[in-house]
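Contents: one structure, followed by commentary.
Rule-based calculations on the coordinates, nothing more; no lab input. A quick note: this is a predicted structure, and the numbers were derived from the prediction, not measured. Cβ coordinates were reconstructed from backbone atoms using ideal geometry, including for glycine residues, and neighbour counts include every protein chain displayed.
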Amino acid sequence: MKVNRRFLLSFDWVWFLALLGLAGTGLLAIWSTTVGTSLESYLGRQVVYLCVALVAFLILLYFDYHLYSDYIILAYVSGVALLTLVLVIGRTVHNNKSWINLGGRAFQPSELVKIVVIVALAKYFSESDREDLDLRELVTGGLIVLVPMVLVILQGDLGTAVTFVPIYAALSVIAGLRRKHILVFLLAGALVIPAGWMMLKDYQKNRIQTVFDPSNDPRHVGYQTIQSKIAVGSGRFLGKGFRQGSQGQLGFLPARHTDFVFASWAEERGFAGSVAVLGLFILVALRLLRAAREAKDKVGTLICAGVLSLYWFHVTINVGMALGLLPIAGIPLPFVTAGGSSLISSFAGMGICMNIRMRRYIN
Amino acid sequence: MNLQADSSKQLIQQRLNLFYVPIIAVGALLAVRLWQLQILSGAEYTLLAEKNRIRTIQVVAPRGTITDRNGIPLVENRPSFNILLYRESVTNTDETAAFVTARLGISQEDFSAILSRSKALPVYHPIVIKEDVGIDDISVVEAHKQEHPELQVDREPRRLYRYGQVGAHVVGYVSEVSGDELAKGTFPGARVGSLVGKFGVERTYNDKLTGDDGSRVVLVDSLGREVGLLEEVDSVIGDNLQLTLDLELQTTAQSLLEGKVGAIVAMDPGNGEILALASSPSFDPNNFSTRISPEAWNQLVNDPDRPLQNRAIQNAYPPGSIFKVIMAEAGLDEGLVDDNTRVFCRGSAFFYNREFHCSAKQGHGSVGIEDAIARSCNIFFYELGRRLGISRIAEHAQALGLGTKTGIDLPGERSGLMPSPEWKQRTRGVKWYVGETISVSIGQGAVTTTPIQMLRAIACIASGGRLTTPHVLLRAEGVKDESQFRTEQSALIDPEAMSTIRAGMWQSVNNWGTGHSAAIPGLDICGKTGTVQVIGAERKKELDGNLPALEDHSWFVGFASRDTPEIAVAAFIEHGGKGGITAAPLAREVFRVYFARKQSPVLITKAAPAGSGGRP
């Protein structure tokens with residue numbers, strides 16, 4: 001596709017500006033909470049990551065998305081190989097061995113692998129002509145998700161591993177689930193969830209338990225939830241202003257520029273700023289949904305649905321955690337959280353989906 | 001095929017509609033939650049955020065100082081340092097515990113005990129884990145400020161009782177306010193951990209002595225490290241007090257009681273100012289000024305001699321023959337006896353078919369009232385008691401302040417007991433026996449008095465009928481009229497009766513009466529001895545008269561000089577033996593020191609030992 005007038009006309013500027021708005025929110029929040037501290041270098045790096053992410057976005061936009069889906073097997077195999085490599089040579093950050101060194105910077109391949117898994121699963125499910133999936137397809141699709149997921153679990157990064165579940169669930173539903181399979185899934189869930197609970201580490205169990213009673217252990221697990229709620233609540237309607245959030249500035253809020261960046265934003269920008277950002281997230285979600293509906297073919301629909309499910313899962317878990325509704329999990333807020341892997345992966349996903357949207361009329 | 005593809009496409013569109021559910025539901029849920037946190041509970045969370053970052057550090061105000069009547073400091077403050085634990089800043093309890101045990105010498109058990117004791121306190125409330133620390137502990141805490149921001153050194157003024165045991169029962173002591181007292185609001189303004197006056201002047205005038213605490217409002221980070229000072233309010237020292245005590249006299253009184261159990265009180269009979277008030281055994285109030293582990297406390301509480309008791313006001317004893325002074329006043333005032341009344345003493349007499357004995361077995365012969373006081377003749381007062389009857393005795397004794405608290409400005413005063421037929425009927429449900437009146441006439445039986453009560457009654461007689469309220473506060477800073485702290489009472493006593501009693505008491509000391517060992521040549525000391533039988537004489541013989549617990553109580557109450565009384569002294573020694581032998585010389589020593597300084601120094605050197613006195 002040529003970059004011509006038609007390309008520019010079909011480009012969804014509202015969607016793109018919403019993404020830039022979210023990324024800008026992230027930059028502002030990171031700037032406010034890190035300047036003048038030992039974390040100061042985060043802002044400059046985030047700008048660089050944003051540039052890289054935008055380049056990736058444009059590149060993925062440029063080529064026909066069928067190119068990606070047709071050759072996805074290559075990306076998938078290299079992705080799995082990369083995850084295996086991480087297990088061998090990876091770096092450990094916060095108990096998770098999910099990082100590798102890339103040009104002096106830590107990089108988390110699992111973030112990008114998620115996008116690859118979406119495209120791979122979409123491609124596989126789209127090859128069926130039937131209205132729903134048979135057992136073989138369902139199991140094969142499950143394996144496509146399960147292999148990288150198990151590797152991520154082995155890295156110890158349970159939060160990222162969980163994000164594979166909504167991808168599989170959403171694509172299965174869209175591709176068509178038979179009633180008896182739904183029952184099987186529910187049954188399996190009923191069995192797996194208690195078993196999984198027992199396999200959780202103590203700190204992970206604590207995190208879940210303290211959602212229900214955050215004051216239980218204020219210095220350890222519930223402490224973070226309490227401090228996050230204080231940060232958000234004390235922002236009130238208009239917020240405390242740039243660099244005025246005491247919770248973030250004085251270190252009461254944990255991971256104020258990464259996992260709890262939404263709380264930092266809510267503290268300094270108040271209800272007005274928070275609702276505005278929430279609105280941007282919803283806008284992007286609706287754009288993704290529209291892209292899925294209007295996609296030219298099944299693979300396009302499935303890719304958009306997969307990206308939507310992953311993206312919305314991240315937003316729900318991260319904001320829900322910051323507002324004290326969900327357990328603390330190291331799941332980044334798309335476009336906003338400081339960190340290159342998440343930012344690039346998020347823009348990459350959006351690039352493919354906008355690609356699908358822009359090519360909806362082309363045969 | 002195309003049709004099928006179309007229907008399949010339609011199905012997929014329908015399935016895609018499912019996505020609206022999580023998008024709208026989650027979006028709405030998060031928006032509502034934001035509304036709830038930021039709008040509905042915004043004020044509440046703002047407060048919590050403020051509390052997070054602002055730490056108010058109380059600066060304890062020093063208490064007012066206490067001096068004697070001449071301005072000599074008795075109680076001051078000294079700087080001291082405590083180590084505080086800010087529990088909200090503890091990140092790892094085990095690490096803190098390990099550090100505290102290894103570097104500050106607090107045992108693991110003590111530390112756990114302190115922690116569990118403070119569980120009920122809000123977590124932002126710092127707790128004292130070690131008090132009155134030295135430079136070593138301070139250095140340890142300061143040097144590890146970065147790793148252990150939860151530990152901080154705090155300055156606190158501490159009470160310094162300059163003379164330790166001397167006057168301890170008057171100045172009292174401070175210690176940590178109890179949970180009970182906090183709940184009852186006994187000490188307004190006191191917080192958990194506050195040191196408050198628990199005894200003596202420290203207790204009575206706690207409100208005046210307590211200063212206004214200051215505070216420092218500081219900005220802290222999440223580790224509790226100070227990052228800025230927002231506000232500072234200086235503490236204001238409490239009001240200073242000047243007592244009526246005379247340090248020299250107090251020291252004398254205290255040393256006279258060394259090794260004895262009892263009390264010595266000296267008072268200005270004209271106005272009730274207490275010049276000395278000593279109780280023995282005593283204690284060192286400096287031992288109370290720390291909060292934790294007062295082993296000394298248990299020792300004091302469990303001491304059978306009860307050193308914490310102020311025997312001058314908190315113990316009531318039978319007055320013994322001192323009571324005869326009250327009897328004389330009653331008899332003279334009622335007109336039942338006069339200077340010409342004489343009673344013949346054979347050493348014993350029958351009243352209501354029972355034989356009562358005099359102190360002198362061979363008898364005093366024919367005695368008038370002055371003689372009867374001077375030689376402490378029981379028979380005279382038995383007869384007087386018979387004539388008066390218990391009601392009139394009680395009436396006069398009560399008019400002189402017996403059976404009621406004197407109102408001295410020290411806590412815990414006892415009222416003693418002046419029995420009457422009504423009292424006996426009420427409390428024991430038994431009729432009064434007239435024989436009891438005879439016992440009461442010489443201060444035995446149910447009548448009990450505190451040393452301060454007897455001193456006050458005698459001072460009233462000495463001063464010609466003025467019943468003052470004994471008090472230890474001379475001046476309080478910021479107070480114009482200290483008499484607002486006491487209720488002045490008065491008793492109308494016949495002046496003629498007074499002079500007869502004074503003459504009797506003068507003879508007791510100066511004319512070979514029972515009080516002669518209180519005599520100082522050149523001084524007109526008046527006095528009366530008392531010897532209280534703890535058990536009856538026969539029974540004592542049966543048991544073995546040498547047991548110290550069975551020894552008589554020893555009393556002496558007197559004043560000087562006869563015509564211009566300026567000091568009244570009461571001495572009481574538990575199981576001290578005869579009043580004239582044990583208590584009288586103690587009182588004499590107090591008189592000596594008082595007048596030695598006041599009058600001529602020559603007197604001191606000329607002071608004669610007991611027994612060689614007598615009027616020239």
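Could you give the distance between the Cα centres of segment B:497-527 and segment A:124-179, to the whole Å?
Here the two parts' Cα centres lie 115 Å apart.
To the nearest 0.05, what FRET efficiency results for A:HIS66 and A:LEU238 with a Förster distance of 45 Å applied to their C-beta separation? Working shown, then result.
Numbers: r = 48 Å, r/R0 = 1.07.
The calculated FRET efficiency here is 0.40.
Determine the gain in length on full extension of the stretch B:ASP6-B:TRP512; use 0.36 nm per residue of separation and subtract their C-alpha separation, reporting nm with one decimal.
Values: separation 506, 0.36 × 506 = 182.16 nm, distance 13.84 nm.
Here the answer is 168.3 nm.
For B:213-222, what's the mean count of beta carbons from other chains sitting within 10 Å of each residue's beta carbon? If you can, show how the numbers build up before the last one.
On the way: counts 0, 0, 0, 0, 0, 0, 2, 3, 5, 8.
That average works out to 2.
Averaged across the residues of B:48-58, what count of C-beta atoms belonging to other chains lies within 10 Å of each residue's C-beta?
4
Calculate the dipole size of chain A relative to its Cα centre from +1 charges on Lys and Arg beta carbons and -1 charges on Asp and Glu beta carbons; express the result in debye to the nearest 20. Spell out each step's value before the answer.
Numbers: 32 positive and 20 negative charges, 100 e Å.
About 480 debye.
Please check: in the Gaussian network model of chain A (C-alpha springs, under 10 Å), which one of A:ARG130, A:ARG293, A:ARG91 has the largest mean-square fluctuation.
Looking only at A:ARG130, A:ARG293, A:ARG91, the biggest GNM fluctuation is shown by A:ARG130.
Counting only helical runs of four or more DSSP H residues, what would the 222 nm mean residue ellipticity of chain A come to if each run contributes -39,500 (n - 2.57) and the total is spread over all its residues? Don't jump to the answer; show the numbers that get you there.
Values: 16 runs with 257 residues, N = 363.
Using -39500 (n - 2.57) per qualifying helix, the result is -23500 deg cm²/dmol.
Label points 7 Å out from Cα along the Cβ direction at A:LEU74 and B:THR56: separation in nm?
If labels sit at A:LEU74 and B:THR56, their model points lie 7.0 nm apart.
If I take all pairs of Cα atoms in chain A, what percentage of them are more than 39 Å from each other?
On the way: 9413 of 65703 pairs.
Roughly 14 percent, once rounded to a whole number.
Among B:ALA397, B:PRO419, B:GLY407, whose Cα sits farthest toward the positive end of the charge dipole of segment B:387-427 (+1 at Cβ of Lys/Arg, -1 at Cβ of Asp/Glu, about the Cα centre)?
The residue sitting most towards the positive pole is B:PRO419.
Name the residues whose placed amide hydrogens come within less than 5 Å of the amide hydrogen of B:GLY193, ignoring near sequence neighbours (fewer than 5 apart) on the same chain.
B:VAL177
Please work out how much length the chain gains when fully extended from B:GLN299 to B:SER215, using 0.36 nm per residue of separation minus the C-alpha to C-alpha distance, in nm with one decimal. Please list the in-between numbers first.
Details: separation 84, 0.36 × 84 = 30.24 nm, distance 3.66 nm.
In short, 26.6 nm is gained.
Quick one: Karplus J couplings for segment A:138-154, per residue in order, coefficients 6.51, -1.76, 1.60, θ = phi - 60°, nearest Hz, x for Gly and Pro?
The phi angles translate into 4, 5, 4, x, x, 5, 4, 7, 5, 4, x, 4, 4, 4, 5, 4, 4 Hz.
Using the Karplus equation 6.51 cos²θ - 1.76 cosθ + 1.60 (θ = phi - 60°), what ³J(HN,Hα) coupling, rounded to whole Hz, does each residue of segment A:31-48 give in order, writing x for Gly and Pro?
Coupling constants for segment A:31-48: 4, 4, 8, 10, 5, x, 10, 5, 9, 3, 5, 4, 5, x, 5, 5, 4, 4 Hz.
With label points built 7 Å along Cα→Cβ from the Cα atoms of B:ALA143 and B:ALA102, find their separation and express it in nm.
Between B:ALA143 and B:ALA102, the simple spin-label model gives 1.3 nm.
Placing unit charges on C-beta atoms (Lys and Arg positive, Asp and Glu negative, everything else neutral), compute the dipole magnitude of the protein assembly as shown about its Cα centre in debye, rounded to 20. Mind showing how you got there, number by number?
Numbers: 95 positive and 91 negative charges, 632 e Å.
Charge dipole, the protein assembly as shown, about its Cα centre: 3040 debye, nearest 20.
Give the aspartates and glutamates whose C-alpha is closer than 16 Å to that of A:LYS240, dropping any in the same chain fewer than 8 places away, or say none.
A:GLU267, A:GLU268, B:GLU44, B:GLU50
Take a quick pass over segment B:55-243 and tell me how many lysine pairs come in under 21 angstrom between Cα atoms, counting only ones 8 or more apart or on separate chains. Intermediate results must be reported in sequence, preceding the final value.
On the way: B:LYS119/B:LYS130; B:LYS119/B:LYS184; B:LYS130/B:LYS145; B:LYS184/B:LYS198; B:LYS184/B:LYS208; B:LYS198/B:LYS208.
Qualifying lysine pairs in segment B:55-243: 6.
Assuming R0 = 25 Å, can you tell me the calculated FRET efficiency for the pair A:LEU154 and A:LEU186, based on Cβ-Cβ distance, to the nearest 0.05? Spell out each step's value before the answer.
Working: r = 27 Å, r/R0 = 1.08.
E(calc), rounded to 0.05, equals 0.40.
Can you give me the Kirkwood hydrodynamic radius for segment A:71-199, using every pair of distinct Cα atoms, in Å to one decimal? List each step's numbers first, then the result.
Numbers: mean 1/r = 0.0638 Å⁻¹.
Taking the inverse mean of 1/r over all distinct Cα pairs, segment A:71-199 comes out at 15.7 Å.
Arranged by the count of other C-beta atoms within 10 angstrom, fewest first, what order do A:THR37, B:THR244 take?
A:THR37, B:THR244
What trypsin sites (Lys or Arg not before Pro) in segment B:340-373 are in a loop by DSSP, with at most 15 other Cβ atoms within 10 Å of the Cβ?
B:ARG342, B:ARG346, B:LYS361
Please report the relative contact order for segment B:55-243, taking Cα pairs under 8 Å with a sequence separation of at least 6, and give it as a percent rounded to a whole number.
Values: 347 pairs, mean separation 65.2, N = 189.
Worked out over segment B:55-243, it gives 34 percent.
Where in segment A:147-165 is the amide nitrogen less than 20 Å from a point lying 7 Å along the Cα-to-Cβ axis of A:LEU85?
Flagged as within label range: A:147-157.
A 22 angstrom limit on the alpha carbon distance is what I want to check against. Which of B:LYS578/B:LYS598; B:LYS324/B:LYS405; B:LYS260/B:LYS598; B:LYS260/B:LYS578 exceed it? Each step should come with its number before you reach the end.
Details: B:LYS578/B:LYS598 30 Å; B:LYS324/B:LYS405 20 Å; B:LYS260/B:LYS598 28 Å; B:LYS260/B:LYS578 14 Å.
From B:LYS578/B:LYS598; B:LYS324/B:LYS405; B:LYS260/B:LYS598; B:LYS260/B:LYS578, over 22 Å: B:LYS578/B:LYS598; B:LYS260/B:LYS598.
Please name whichever of B:GLN314, A:TYR223, A:ILE144 sits farthest to the positive end of the charge dipole of the protein assembly as shown, dipole taken about the Cα centre and charges placed at Cβ: Lys and Arg +1, Asp and Glu -1.
A:ILE144
Let me know the shape class of the protein assembly as shown, please: from the alpha-carbon gyration tensor, a ≥ b ≥ c as square roots of the eigenvalues, rounded when a/c is under 1.5, otherwise prolate if a/b is greater than b/c, or oblate. Before the final figure, lay out each step's value.
Values: a/c = 4.41, a/b = 3.76, b/c = 1.17.
Prolate, because a/c is 1.5 or more and a/b exceeds b/c.
Treat every Asp and Glu Cβ in segment B:55-243 as -1 and every Lys and Arg Cβ as +1, leave all other atoms uncharged, and give the resulting dipole magnitude about the Cα centre to the nearest 20 debye. Present the calculation step by step, with values, prior to reporting the outcome.
Working: 21 positive and 29 negative charges, 117 e Å.
So the magnitude is around 560 debye.
Where does chain B land at 222 nm, in deg cm²/dmol rounded to the nearest 500, when only DSSP H runs of n ≥ 4 count, each adding -39500 (n - 2.57), divided by all residues? Mind showing how you got there, number by number?
Numbers: 22 runs with 222 residues, N = 616.
Taking each H run of at least 4 residues, the total per residue is -10500 deg cm²/dmol.
Regarding segment B:55-243, what are the three Cα extents along the principal axes, ordered largest first, in Å?
If we take the Cα atoms of segment B:55-243, the spans are 54, 36, 34 Å.
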